[in-house]
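Have a look at the structure below before the remarks.
Derivation of every value follows stated rules applied to the coordinates shown; laboratory data play no part. All values derive from a computational prediction rather than experimental measurement. Heads up, the Cβs are rebuilt from the backbone with ideal geometry, glycines too, and the neighbour counts pull from every protein chain shown.
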Amino acid sequence: MTSLVDRIHDSILDTIGNTPIVRIQHLCPKPGVRLLAKLEGFNPLGSVKERIALAMIEAAERDGRLAPGQTVVEGSSGNTGIGLAMVCALKGYPLIIAMPQKVSVERRAILRALGAELVFTSETGGTDEAWDIADALCADDRSRVRIHQYTDDNNWWAHYRGTAREIWRQTAGEIDVFVAGLGTTGTIVGVGRRLKELRPEVQVVAVEPEAVHSQQGLRNVHHARRPAIFDPSVVDRTIVSRDESAFATARLLARREGIFAGISSGAAMAGALEVVDGMDEGTVVVLLPDRGDRYLSTALFADPGDQQVRPEQVYDLAARRGGTPAEA
C-alpha cells in the first residue's frame, strides 16, 4: 500500500484514515498479551470523527439532501463538529454547531478557525440539549440541513468499511478483543460488526462513563439518550469508566508511552487494561479517539500541581505488577 506521505493528495480529505497501530510497551501487565492502540489522533485534525464527518456529508450530497448554498447543522461536543468544519470548509458549506458550554476552549477555537458558527447550550446542558438545539435550528428553515451523527447509519458504516478493515489488515487478522468507548456508538457498532463477520470469536468490549461524568466525547447509553444507531447485540461486555481512571490513564499514556491523547482515550485504555488483566495470551486492540492538545485547558493537563497520577485511580495497576498501590 502506498504511504500517505508518498503521494500528492487532491485535498486534505484524502488524508483521513489509515491511522497507525502501535504496541503498548510499558502499561500492558501481561507478557503473553499483545496490547495494541489504534491512534486516531493521526487523522488530519486529530480525531476519529473526521471519518464519519466525511461519510455523512458525502452521503447527504449523494442523496440530494445537501446542495450548494445550504447550511449544515449538527450538535456536537467537539470532535464531530471539528471534522464537519474541515469538510464544510473545503466544500463551501456554512456550518452551525450546537455544543455544550463545558467543552474545552481549544475545541471552540478550532471550530471558529475553520469558520463554524457556534450556538451553546445552557450552562448545565450536555450533548442531549445540543441535540435538541440542532433539531430546533432546522425545524422551519429549509436552507439548513441537519446532519445527525446519532441516527445516521453512515456513521457506523464509515467504521465498518474503513476502520475495521484497517485493523484487520494491520493485525493480519490476529485480534481477539476490540475495545472502544461509547459516544455516538458508531465506532463500536461499525468496527465490531465487521470484525465479528471476519472472525466470529472476536470479543467486542464497550467502555462507557458513569451517569454523571466529565469525560468529554463519551456517553452513558443507559442513562443518557440512546443513539438510534446503537446495536447492543454487537457488544459482548461493557465496562464503566470513572472520571479519575480516565484522566489518570490519559496522563500515564503520555508519561509512560509517549502517546499524547485525550480523556476518552484514557477511558478506553483503562478499559483495555481491565480486559488484559483477565487474559494470559492473545491480542487486544483499543481505539484511542483523539489527541490531547484539545484538552490543555481542562483539568486533564491544566495544572501540573494537580496532575500527579495516583495509581489507585487506574484499574488495579499495582496488583497486576504484584506490588502495592504506592509502588505502581
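Evaluate the chain: find the radius of gyration of its Cα atoms, find its Kirkwood radius, and give the ratio Rg to Rh.
When Rh is taken as the Kirkwood radius, the ratio is 0.96.
Would you compute, from DSSP H runs of 4+ residues alone, the mean residue ellipticity of the chain at 222 nm, taking -39500 (n - 2.57) per run and dividing by the full residue count, rounded to the nearest 500?
Counting only the DSSP helices, I get -9500 deg cm²/dmol.
Select from GLY271, LEU198, CYS28 the residue farthest towards the positive end of the dipole of the chain; place +1 on Cβ of Lys and Arg, -1 on Cβ of Asp and Glu, and compute about the Cα centre.
LEU198
For a quick check: sort PHE42, PHE178 by the number of other beta carbons within 10 angstrom, fewest at the front.
PHE42, PHE178
Using the Cα centre of the chain as the reference point, and only Cβ charges (+1 on K/R, -1 on D/E), how large is the resulting charge dipole? Debye, rounded to the nearest 20.
Computed charge dipole of the chain: roughly 520 debye.
At a 10 Å Cβ-Cβ cut-off, how would you order VAL286, VAL221, VAL207, fewest neighbours first?
VAL221, VAL286, VAL207
Arrange GLU61, GLU201 by Cβ neighbour counts within 10 Å, fewest through most, would you?
So the ranking, lowest neighbour count to highest, is GLU201, GLU61.
Report the residues of the stretch 260-282 in range of a label on ARG23: point 7 Å along Cα→C-beta, backbone N strictly under 18 Å from it.
The answer is 273, 276-277, 280-282, whose backbone nitrogens lie closer than 18 Å to the label point.
Might you report the magnitude of the Cβ-based charge dipole of the stretch 49-146 about its Cα centre, with Lys and Arg at +1 and Asp and Glu at -1, to the nearest 20 debye?
340 debye
Let's test the formula: R0 of 30 Å, r as the Cβ-Cβ distance of VAL105 and ARG144. What FRET efficiency results, to the nearest 0.05?
0.70
What GluC sites (Glu not before Pro) does the stretch 217-283 have in DSSP loop regions with at most 14 other beta carbons within 10 Å?
GLU281
Let me make sure I get this right: for the stretch 102-248, a, b and c are the square roots of the gyration tensor eigenvalues over alpha carbons, sorted descending. Under 1.5 in a/c it's rounded, otherwise prolate if a/b > b/c, else oblate. Which is it?
prolate
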